[in-house]
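Please read the structure below before turning to the comments.
The values are calculated or read from the model by the stated rules, or taken from the named source; none is laboratory data. A quick note: this is a predicted structure, and the numbers were derived from the prediction, not measured. All Cβ positions, even for glycine, are placed from backbone atoms using ideal geometry, and neighbour counts span all protein chains on display.
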Amino acid sequence: MNAFPILSLIVWLPALGALGVLALPRANLQAQRAVAMGAALLALAAAILLVVLFDRNQAGFQFVESFAWVPSWGISYTVSVDGISLWLVALTAFLTPIALAASHGAIERQERAFLALVLMLASGMTGVFVAQDMLLFYVFFEFTLVPTALLIGIWGGAGRRQAAIKFFVYTFAGSVFLLPGIIGLHLLHRQATGVATFDIATILASLQLGAFQLDPAAERLLFGLFFIGFAVKAPIWPFHTWMTTAHAEAPSSGAIDIAGLILKIGAYGLIRFNVQLFPAAAAWAAPAIGVLAVISIVYAAWVAYQQTDMKRLLAYASVSHLGFIVLGMFALNAQGIAGAVAHMVNSALTTGALFLVVGMLAARRDSRDLRAFGGMWKATPVLGSLTLILVLGAIGLPGLNGFASEFALLQGAWRSPGIGWRYTLLAVLGVALAAVYLLHMYRATFMGEVPPDLAQTPDVRPRELVLLTTMATVVVVLGLYPALLFGPMQQSVTQIAQGTLQYLASR
Amino acid sequence: MSFQLTDIPRILPELMLLLLALLVVGSDVLTRWGRDPKARAERAREAGQLTAIGLGLVFVVALIQSRLLFTVPDPTGGPLDVLLTLGRNLQAGGPGGPALLGAFATDEFTMVARLTFVGAALLTSLLAMGYRLTANPGEFYSLLIFSTLGMSLMAAATEFILAYLALELSSIALYVLAGYFRESDRSPEAGLKYFLFGSLSSAIFLYGISLVYGFVASENQKAGGTPIIATLFSEVGRLATGEAASNPLLTLGMLFIVAGLGYKISVVPFHSWAPDVYQGAPPPVTAFLSTASKTAGFLLLYRLLTTAFPGAVGAPRLETFSGWTSLLAILALVTVIVANLAALPQTNARRLLAYSSIGHAGFVLLAILLWTSSSQVDRDFGTMALFYYLITYTITNVGSFGVLAVVSGAIGNDDLSDMNGMWRRNLPLTLMMTILILSLAGIPPLAGFWAKFFVFMAGYQAGAVPLVAIAVVMTVVSLYYYLRFLKAMWMNPAPATTPIVTPRIANAAIVASTILVVLLGIVPNLIWGALSGTTAFAGR
């Protein structure tokens, strides 16, 4: 038990900020922005402190805070982090102020409500990553839906209502499968051990000690229920269509794309539940999931290349990245999982930053169509060079952040008995296609002859410069020194991989 | 088994309701009956205020009596002795003791049910006060109270005749209330429809009872005695064990009883009256009809089935018929499917919520299925899940129908399109409706989520896994039509910018239910503890 509730602080600070923003008078926009940004920055500071204080020699959950919630059913408010969730918490805390800053000036109406909803969303997502109680996880998981749907539905483009409804229905449809999964796991655990609990750590411990053994049929059923929920949320092909619509209709500024859509809640759930709790079923399902992952990678990359709307292009890029993440995860060895977790962070950083760039371009031209641009380098060299760093990072150029994680996860996949080199070779095709679609986008916007009406486009404004430089710096730093990212997660990842190894050895 | 004077505190809340109903009619006679609108409004307000205050008083008395909050200490000789003695005497009639005359149980089951009904009636009376009532307000409010009285008796009944009388008392009052707006097109139709279906279902219920009587008499005769008819649930339950439990006469009687009560709780295929009635009845009446009346039906059904037919529980399997749990499982299956699909194309908000409330009845049935388990812990969980669902459902639906009452009071209609862009016209009301709708959809952390969670868990434990799976899928379908509310209110453009004014008194009811929904969502323990007593209901 930690004396200082640092995790609760990170979770609830943005929500408090949201209430603060709503309490301010409608007219005082400056104060609203200041309060929102203040709350987000405080949460970021707390998250940095968390990373510093994190004990990297420990595999299990740290900074545990626990209060009984519904004691008679073993439901508790328990939050904690391990090496995997640590980075996702940090990522959320890092991206929230970026998203707030990106929205300044780009939201024409009801900015107060917008700021409040973004902050609520940040709270909900951090909650998902820190929840150690399954029910609490589910509550936060669902809680993220409402703000995201409202953000798209109120501030989005022409098809926003349809997109918001589609988003909500799709992800809710996926997530309701989680509920029977959670109930089933809870009841089976109670039958086996007599302990009524929803605590992941407790269930994990009983699984590892052998006090709680699932028979293969039940384990596969539970695995399937959780998998459907997270695969839709992630999203993996063929459940991805909500995501591309949502990105396309979300406001151009990119704030919501960053805040709500690219964070890897679904992928995190896959690691936390499917891989960690059901190693046998994961090993059983790995080849099939590998197929889905490879289809996601190649298909989404190919479709991305066909797009002319830059946000759609990036949305498909995001789906393709998720294919890599899932592939690495279901390699079920330490390299694969570590690479997958690191790639979650890296992909969110680079794709998120590129969404910001698209927002900036769209603000200059009032269009997100590739064909409307060209030769922007001449007019906006600073924007062009920063974008180049981000694009190369997303492609996975050695020395930038995408490379290390992609390399690790592909290496893991190659060595995995369930996935193997055939899948990996196909996935590598996806790496090449990533270069194709991203460089295609870059060429169409920044290279070539500049159309006359674009020649006078203003270059980056100070706010945009700060945003992009921050992102680009992180991309470079993580690329040059990936151990920063891999170090703290090593113990937790090894522990998960050992669970699978044990199972494979015992078979 | 005779009635004594000391038993009066045990039925004090019911007596108070009876007196209150008479008082409301009586005092209405004595007020000024002007024809001008001002005098009419005055008269309506007086009747409403008397009802609200009276129901509030009954609620407090029932709450103290139930010992849910506190137990009054012994008098200590201090200045508060009068109050303490009063409280002690009141609580002497609290939960416990044998059923009065074997027919009226005063266990915690009754106490909690009573609080639910009186609470719902109180909120409904507040909604009604905010709604334009033109004619005969005294009758309106007293019928509301009579109906509450009937429901309270229904939940407490442990005997067939009392159960039937209570059912009739609550229903007849509601028939009149549903047709109360004589000048509107739909209200008389709703009243008549409700009356026809209701009286038919009462007849079916009664026929089922008579078959059960026949069974009891023949069993008594077989045992060598005289063919005496026993009317207590527990007496039937005692005889209907072992071989006798599968007696076709008994099974047929049980089928008729479930069908008769099926109308009251509006499960498919006995639901066809509900959409028309919910849409046509005066909006505050709909709020009451869809919540308290349904809750009463469920509680009577639960007590009746578990006490009178314990031998015919069976298992909730869909393939073979093996007792009333499999019957209810089939009903639950068709109910969740038909209701949720039928709700999709609706355009009228109240009609849509009517189908949603039919769908909810299907979910509630899942909790009852857990009686099939032989473990007492499981059965207790089922009972608590049932109560939890019914209470949160009552609170949420009173609130959401209350919002529709406000909308229809302000605009004159309550189609979904009338709620377009409502957030520009009344933001607080829209926010509250959003919370209530999300709770109905089962989004955490609102009360409706826990209710769904508990009944799914109950269904799962009862072994009805395929049924739970279908219910889960139907939850997604239901989300789609709930989102249509949110879409209309938040995303569609408003046809006018004139604000929708919420009458202050109706606002109180809606705010109260919204706060409860949020509170019970964040701390579900708040009533879960209180419900633990309901599991030991009398007459089992």
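Looking only at the range B:440-459, decide whether some residue is touching a Phe, Trp or Tyr at 6+ places or on another chain (Cβ under 9 Å), part of a helix (DSSP H, G or I), surrounded by fewer than 21 Cβ atoms within 10 Å (Cβ to Cβ) and not β-branched (V, I, T).
Within the range B:440-459 (the criterion being touching a Phe, Trp or Tyr at 6+ places or on another chain (Cβ under 9 Å), part of a helix (DSSP H, G or I), surrounded by fewer than 21 Cβ atoms within 10 Å (Cβ to Cβ) and not β-branched (V, I, T)), the answer is no, since none of the residues qualifies.
Specify the residue that is farthest from the other protein chains (Cβ to nearest Cβ); the eligible residues are those in the range A:187-228 that are small (G, A, S) and in contact with a Gly (Cβ under 8 Å, 6 or more places away or on another chain).
Here the answer is A:A201.
Could you give me the residue pairs with C-beta distances under 7 Å whose first residue belongs to the range B:216-235 and is loosely packed, with under 13 Cβ neighbours inside 10 Å, whose second residue is of a type in the set (D, E, K, R) and part of a loop (DSSP other than H, G, I, E, B) wherever it lies, and which are 6+ apart or on separate chains?
Listed by first residue and then by second, the contacts come to nothing, as the list is empty.
Can you spot a residue in the range B:301-312 that is under 27 Å from B:F146 (Cα atoms), of a type in the set (K, R) and surrounded by fewer than 22 Cβ atoms within 10 Å (Cβ to Cβ)?
No, the range B:301-312 has no match at all.
Only one of A:I152, A:I236 is surrounded by 23 or more Cβ atoms within 10 Å (Cβ to Cβ), touching a Ser or Thr at 6+ places or on another chain (Cβ under 6 Å), in contact (Cβ under 8 Å) with a residue 24 or more places away in the chain and under 30 Å from A:R368 (Cα atoms); which?
A:I236
Based on this model, can you work out whether B:E189 counts as surrounded by fewer than 21 Cβ atoms within 10 Å (Cβ to Cβ), more than 24 Å from B:G237 (Cα to Cα) and in contact with a Gly (Cβ under 6 Å, 6 or more places away or on another chain)?
yes
Inside the range B:455-475, can you point out the residues that are at the interface with chain A (Cβ under 9 Å from one of its Cβ atoms) and at pLDDT 85 or above?
Once the filter is applied, which keeps residues that are at the interface with chain A (Cβ under 9 Å from one of its Cβ atoms) and at pLDDT 85 or above, the range B:455-475 yields B:F456, B:M457, B:Y460, B:Q461, B:V468, B:A469, B:V472, B:V473, B:T475.
To keep it simple, each residue is scored yes or no on (1) in a loop (DSSP other than H, G, I, E, B); (2) hydrophobic (A, V, I, L, M, F, W, C); (3) over 17 Å from B:A105 (Cα atoms).
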| residue | (1), (2), (3) |
| --- | --- |
| B:F3 | yes, yes, no |
| B:R10 | no, no, no |
| B:E14 | no, no, no |
| B:L22 | no, yes, yes |
| B:W33 | yes, yes, yes |
| B:A39 | no, yes, yes |
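Please verify whether the range A:60-71 includes one or more residues that are loosely packed, with under 14 Cβ neighbours inside 10 Å and polar (S, T, N, Q).
No; the residues of the range A:60-71 include none that is loosely packed, with under 14 Cβ neighbours inside 10 Å and polar (S, T, N, Q).
Being touching a residue at least 40 places away in the same chain (Cβ under 8 Å) and not in a helix (DSSP H, G or I) is the filter here; which residues of the range A:434-471 pass it?
A:M447, A:G448, A:E449, A:V450, A:P451, A:A455, A:Q456, A:T457, A:P458, A:D459, A:V460
Between B:L289, B:L300, which is farther than 28 Å from B:D415 by Cβ and not polar (S, T, N, Q)?
Just a single option satisfies the conditions, and that option is B:L300.
For B:S66, all conditions in the list (1) more than 23 Å from B:R504 (Cα to Cα); (2) over 30 Å from the mean Cα position of the chain (by Cα) hold save one; what is the number of the exception?
Here B:S66 meets the rest and fails (2).
With the requirement that a residue be within 15 Å of A:T244 (Cβ to Cβ), more than 10 Å from chain B (Cβ to nearest Cβ) and touching a Leu at 6+ places or on another chain (Cβ under 9 Å), what does the range A:153-186 give you?
The answer is A:F167, A:T171.
So, restricting to helices (runs of 4 or more DSSP H) that lie completely within the range A:103-204, which ones have at least 2 residues that are within 23 Å of B:G421 (Cβ to Cβ)?
Hits in the range A:103-204: A:111-130, A:145-155, A:160-175.
Of the residues that make up the range A:349-367, is at least one over 22 Å from A:I256 (Cβ atoms), in a helix (DSSP H, G or I) and among the hydroxyl-bearing types (S, T, Y)?
no
Determine whether A:I84 is part of a helix (DSSP H, G or I), touching a residue at least 40 places away in the same chain (Cβ under 8 Å) and surrounded by fewer than 14 Cβ atoms within 10 Å (Cβ to Cβ).
Against the criterion (part of a helix (DSSP H, G or I), touching a residue at least 40 places away in the same chain (Cβ under 8 Å) and surrounded by fewer than 14 Cβ atoms within 10 Å (Cβ to Cβ)), A:I84 does not qualify.
Starting from the range B:492-508, take each residue that is within 14 Å of chain A (Cβ to nearest Cβ) and list its partners that are in a loop (DSSP other than H, G, I, E, B) and among the charged types (D, E, K, R), counting only C-beta distances under 6 angstrom and pairs at least six apart or across chains.
If the second residue must be in a loop (DSSP other than H, G, I, E, B) and among the charged types (D, E, K, R), no pairs are left.
Being buried (at least 21 other Cβ atoms within 10 Å of the Cβ), more than 26 Å from A:A363 (Cα to Cα), touching a residue at least 60 places away in the same chain (Cβ under 8 Å) and out of contact with any strand residue (DSSP E or B) (no Cβ under 9 Å at 6 or more places or on another chain), is that true of even one residue in the range A:305-313?
no
Filter the range B:174-186 down to residues that are of a type outside the set (F, W, Y) and surrounded by fewer than 24 Cβ atoms within 10 Å (Cβ to Cβ) and give me whichever is nearest to B:S293 (Cα to Cα).
Once the filter is applied, the top-ranked residue is B:V176.
Condition test on A:M329, is it at pLDDT below 90 and touching a strand residue (DSSP E or B) at 6+ places or on another chain (Cβ under 9 Å)?
no
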